[in-house]
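See below for the structure under consideration.
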Protein chains: 2
Amino acid sequence: MGDGKQRIQPRTLKGFRDYLPAAAIPREWLISRACEVYRSYGFSPIDTPALEYEEVLAGKGGEESEKQMFRFEDAGGRRVAMRFDLTVPLARFVAQYAHELGTPFKRYHIGPVWRGEKPQKGRYREFLQCDFDTVGTRSAAADIESGLVIADLLGALGFERFTVRVNDRRVLAGLLETLDLVQHAPAVLRALDKLDKIGPEGMAAELEREAGVDGARSESVLELAAIEGAPGAVLERVGALIAGSETGAAGGEALARFVSAVEAAGAPAGAFRIQPSLARGLDYYTGIVFETILDELPSIGSVCGGGRYDDLAQRFTKTPLPGVGASLGVDRLLAAMEELGMIEGSTTPADVFLPWFSRERLDDYLALAARLRAAGLAVEFYPEPKKLGAQLKYADRRKHKLAVIVGDDEWEAGSCQVKDLESGEARTVRLAGDDRAGFGDDLAAALSEVVKGRRGASGRPRS
Amino acid sequence: MGDGKQRIQPRTLKGFRDYLPAAAIPREWLISRACEVYRSYGFSPIDTPALEYEEVLAGKGGEESEKQMFRFEDAGGRRVAMRFDLTVPLARFVAQYAHELGTPFKRYHIGPVWRGEKPQKGRYREFLQCDFDTVGTRSAAADIESGLVIADLLGALGFERFTVRVNDRRVLAGLLETLDLVQHAPAVLRALDKLDKIGPEGMAAELEREAGVDGARSESVLELAAIEGAPGAVLERVGALIAGSETGAAGGEALARFVSAVEAAGAPAGAFRIQPSLARGLDYYTGIVFETILDELPSIGSVCGGGRYDDLAQRFTKTPLPGVGASLGVDRLLAAMEELGMIEGSTTPADVFLPWFSRERLDDYLALAARLRAAGLAVEFYPEPKKLGAQLKYADRRKHKLAVIVGDDEWEAGSCQVKDLESGEARTVRLAGDDRAGFGDDLAAALSEVVKGRRGASGRPRS
């Protein structure tokens, strides 16, 4: 501070983070792929404000996410809050524009949400949600389509091995009916939810403690949870356990229909597995529920979950709005891609680096770069005529893969060097045009081939 | 409220707005085109939090945008504020990560910002900014590239006739030197800025009132402002007015170089025009400045403006960070596209509507839709087997253009009807595969041709 100025420490708030290029590039790539998949099914984008009336967001009361809201009084004396999810804004939105939107209404919404929760590894106070929903229909076709969207999303992101666990909440309702435990549903579902953590004995103990469930009925709950295998066999065993419950039978039939339909539509064989104990939250979902596990990284948890609900917007309208939807876990997926080596870690979105080598040739470099861009290539031109070594060091730091080097001799000869910056190999390509091709055409073709091959080979987020 | 529930009125805060599909689709399209252009020059995406320490955002003090900040105390007792632009966060960001980022650092940043200003037509308290900057170089090549980015952005959005007005602040500085008005720079620039509104006489009056400028010097200022024409002629007349000022001469030379370079790089002929009175703000810019006018809709104001600055982050670091950048006016551009009929107003991103006509054929429809999606088409399948008329009414409301209709007869015959929903014309296309093509291949090819032709013909945001 030799200049005597008082400076402010550049820092982010606790629990918030910046996205530097190495993180922002794959995130943007992921969002763009997700949009493509959503659009390919006719889901439309929407957006809602970051700030809402507090009563709009907080009306339900009691839930953890609501307690964590950033809320304040604005300059006009209004109680306002920053959205903590995209579901409450969707409910407000469909209630407000019901007539204009019509049904079924299919939307996706990608945007940040804010929760003042205790910061911990991998949890932030600002994070991106990426949701899709079909609102205003009870049709099983919308459930099936949601499953297909999930499979397409994972495929579009380059995941080849994943499992979409599905269940129908009516199967669980059927079990509770059969065991005469309907009034203890929350306790039973909570205990089931913990099964992986506390084990069968822990669960039985909790069932007895919380809901007075005896050993025989605990056995039945555990039996349901333990069922696995091919869909037909699973459904047969589930059917035996919940025999007599109409609700349960309807759930079983819906699951059978779901699994056969996603396969008929070409979803990857075996990607969908019925897990009869899957509940996903206590009271929101009423029909099919999903969660998605990466086979190579199950420990990261579900990367896409959701399900069917009976009434989205009852806090805002008496019109029942049933629907089905799911949410893509952007942060988890990026963490998984990182861990599985699916991200290149480049800090540039450009395909090609073009150093400024011949000081007097600025116009020629600009024209060449423009020509390559017109051919669909992303070209970073270095803006200063420094020594070539310094420019290539910059390219290396940015993890550029390819450079096009044109010095005085090359300009004279109407050619350039295409250099692979990883192997160091270089080859000469013609620049000048003739009757067969214009200026830069041969180079554009040569580069396009390399870039296309590289993108195809790695399947990694590069553009 | 016959059910006795207390409901909350679904509404947005004053000055905030929702994006319904008809508005969100072109906005997403615009953002996506802008990203492509930025990436094609090697600009990298970054992101920063919506919330920052108040001192980080408010440190400069005094400016209107800062007074309008949404600020509050968070649950941890910190004074926080929502960002009101993307420039202050960029300054904080480059200071914080200077070592990691290196220079030149080229970034783009697209995100919402918040200002609690008085709501009025077309002004909102939450709006999107879309900025690009090259930080850490004084090179004129970065200025030239910024101009090329602007031309490419406008072109990518489908605007064929636009004018990028350019000036170099050193030309104005040269005039002030020549007229011995350096100490009155703010008053003179403010008066110049109002010339369009108050006219030559009003400006002369203001110059005299605010800065004691006499008639002869007012004449010179007006003379500079009135200069227009081809770059060479403009620069010659400017040169005569500011003869003797080295600063002014440097500005004139930079402008000459800029104009010849953008033309050499293939920018549309005549798109760049020198406007010697252009200042763009009082004290931030120090070199080249831009603003962009749509020739068909000049009244909407500048849709992309920016310029060169000497020191971006002096509030956070003593390292000087010169740079150049500009900001794309997303809201103005969307308003212009709407007014110029460049937006179709569709509420679906899908290319094709597929009604569910034969009740028992759900799996076949799903398989057909999957086949078309695999061929790159976006297909909306109607999730209920309602009467065809009701489904087509839904398609009409969504402004679908094309439907693929497959009823019992068509499934039997292995064919379908491709219907143009605007003209009502239909034709029969084969569905079944043979040795030449698989199931749905002929249909995918036929639809792709129509969709591609349509996108190409209109150049409008459809996907």
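Go through region B:36-49 and give me each residue that's in a helix (DSSP H, G or I) and within 7 Å of chain A (Cβ to nearest Cβ). Please lay out each step first, then the result.
Here is the first cut: in region B:36-49, the ones in a helix (DSSP H, G or I) are B:36-40.
Within region B:36-49, B:Arg39, B:Ser40 meet the criteria.
Being among the small types (Gly, Ala, Ser) and in contact with a helix residue (DSSP H, G or I) (Cβ under 8 Å, 6 or more places away or on another chain) is the filter here; which residues of region B:263-285 pass it? Across region B:263-285, the qualifying residues are B:Ala264, B:Ala265, B:Gly266, B:Ala267, B:Ala269, B:Ala271, B:Ser277, B:Ala279.
If a residue has to be in a strand (DSSP E or B), more than 14 Å from the chain's Cα centre (by Cα) and over 25 Å from B:Val182 (Cα atoms) to count, how many in region B:277-302 make the cut?
Keep residues of region B:277-302 that are in a strand (DSSP E or B), which gives B:285-294.
From what is left, the residues that are more than 14 Å from the chain's Cα centre (by Cα) are B:285-290.
After this cut, where a residue has to be over 25 Å from B:Val182 (Cα atoms) as well, the list is none.
Result for region B:277-302: 0.
Inclusion of B:Thr292 among residues that are in contact with a Cys (Cβ under 7 Å, 6 or more places away or on another chain) and modelled with pLDDT of 95 or more is warranted.
Out of B:Gly102, B:Gly155, B:Gly147, which single residue is surrounded by fewer than 18 Cβ atoms within 10 Å (Cβ to Cβ) and at pLDDT 95 or above? Before you say what the answer is, go through the steps one by one.
Details: B:Gly102 fails: at pLDDT 95 or above; B:Gly147 fails: surrounded by fewer than 18 Cβ atoms within 10 Å (Cβ to Cβ).
The match here is B:Gly155.
Please tell me if B:Gly266 is within 14 Å of chain A (Cβ to nearest Cβ), part of a loop (DSSP other than H, G, I, E, B) and more than 19 Å from B:Glu291 (Cβ to Cβ). Considered against the rule, which asks whether it is within 14 Å of chain A (Cβ to nearest Cβ), part of a loop (DSSP other than H, G, I, E, B) and more than 19 Å from B:Glu291 (Cβ to Cβ), B:Gly266 comes out as yes.
B:Glu100 falls short on exactly one of the conditions (1) in contact with a Gly (Cβ under 6 Å, 6 or more places away or on another chain); (2) free of Cβ contacts under 8 Å to residues at least 12 places away in the same chain, and that condition is (1).
Only residues that are β-branched (Val, Ile, Thr) and not in a loop (DSSP other than H, G, I, E, B): list them for region A:88-113, please.
A:Val88, A:Val94, A:Ile110, A:Val113
Right, B:Ala216: exposed (fewer than 15 other Cβ atoms within 10 Å of the Cβ) and in contact (Cβ under 8 Å) with a residue 60 or more places away in the chain or not? Full working, then the answer.
Numbers: exposed (fewer than 15 other Cβ atoms within 10 Å of the Cβ): yes; in contact (Cβ under 8 Å) with a residue 60 or more places away in the chain: no.
No; evaluated as a whole, the condition is false for this residue.
Of A:Val80, A:Val56, which residue is among the aliphatic types (A, V, I, L, M) and assigned to a strand (DSSP E or B)?
On the way: A:Val56 fails: assigned to a strand (DSSP E or B).
Only one candidate qualifies: A:Val80.
Given the criteria among the hydrophobic types (A, V, I, L, M, F, W, C), in contact with a Gly (Cβ under 7 Å, 6 or more places away or on another chain) and not in a loop (DSSP other than H, G, I, E, B), does A:Ala370 qualify? Yes, satisfied. Counting the residues of region A:392-449 that are surrounded by fewer than 18 Cβ atoms within 10 Å (Cβ to Cβ) and closer than 21 Å to A:Ala22 by Cβ gives 6. Tell me, please, whether a residue that is touching a Pro at 6+ places or on another chain (Cβ under 7 Å) and away from chain B (no Cβ under 11 Å) can be found in region A:325-336. Yes: region A:325-336 contains one or more residues that are touching a Pro at 6+ places or on another chain (Cβ under 7 Å) and away from chain B (no Cβ under 11 Å).
Of all residues in region A:399-413, none are in a helix (DSSP H, G or I), within 14 Å of another protein chain (Cβ to nearest Cβ), modelled with pLDDT of 95 or more and within 28 Å of B:Pro45 (Cα to Cα). The single condition among (1) within 9 Å of chain B (Cβ to nearest Cβ); (2) free of Cβ contacts under 8 Å to residues at least 40 places away in the same chain; (3) among the charged types (D, E, K, R) that A:Asp310 does not meet is (1). Can you tell me which residue in region B:114-143 is surrounded by the most Cβ atoms within 10 Å (Cβ to Cβ), limited to those that are more than 19 Å from the chain's Cα centre (by Cα) and part of a helix (DSSP H, G or I)? Filtering region B:114-143 for residues that are more than 19 Å from the chain's Cα centre (by Cα) and part of a helix (DSSP H, G or I), the one surrounded by the most Cβ atoms within 10 Å (Cβ to Cβ) comes out as B:Ala142.
A single entry from A:Arg27, A:Arg17, A:Arg7, A:Arg11 fulfils the requirement of being within 14 Å of B:Ser44 (Cα to Cα) and either at the interface with chain B (Cβ under 8 Å from one of its Cβ atoms) or under 16 Å from the mean Cα position of the chain (by Cα) (or both): A:Arg27.
Could we say that B:Gly248 is within 32 Å of the chain's Cα centre (by Cα), in the same structural domain as B:Ala140 (by TED's automatic domain parsing) and crowded, with 21+ Cβ neighbours inside 10 Å here? Working first, answer last.
Numbers: within 32 Å of the chain's Cα centre (by Cα): yes; in the same structural domain as B:Ala140 (by TED's automatic domain parsing): no; crowded, with 21+ Cβ neighbours inside 10 Å: yes.
No, not satisfied.
Scanning region A:303-316 for residues that are at pLDDT 95 or above and in a loop (DSSP other than H, G, I, E, B) turns up A:Val303, A:Phe316. Do you know which residues across region A:23-57 are of a type in the set (S, T, N, Q), surrounded by fewer than 23 Cβ atoms within 10 Å (Cβ to Cβ) and farther than 22 Å from B:Gly111 by Cα? Within region A:23-57, none qualify.
In region A:342-358, of all residues being within 12 Å of chain B (Cβ to nearest Cβ) and more than 21 Å from A:Phe439 (Cβ to Cβ), the one that is modelled with the lowest pLDDT corresponds to A:Ser346. Every condition in (1) within 9 Å of another protein chain (Cβ to nearest Cβ); (2) farther than 19 Å from A:Thr48 by Cβ holds for A:Gly158 except the one numbered (1).
When residues in region A:363-376 are screened for being surrounded by fewer than 22 Cβ atoms within 10 Å (Cβ to Cβ) and more than 7 Å from chain B (Cβ to nearest Cβ), 5 of them pass. Applying the condition of being within 10 Å of chain A (Cβ to nearest Cβ) and buried (at least 17 other Cβ atoms within 10 Å of the Cβ) to region B:58-79 and asking which residue is modelled with the lowest pLDDT yields B:Gly59. Only one of (1) more than 12 Å from every other protein chain (Cβ to nearest Cβ); (2) without any contact (Cβ under 8 Å) to a residue 60 or more places away in the chain; (3) out of contact with any Cys (no Cβ under 9 Å at 6 or more places or on another chain); (4) within 30 Å of B:Ala156 (Cα to Cα) is not met by A:Glu339, so which one is it? Answer for A:Glu339: the failing condition is (4).
The values are calculated or read from the model by the stated rules, or taken from the named source; none is laboratory data. Values in this document were obtained by computation on a predicted structure and should not be read as measured data. Here Cβ is always computed from backbone atoms with ideal geometry, including for glycine, and neighbour counts include all displayed protein chains.
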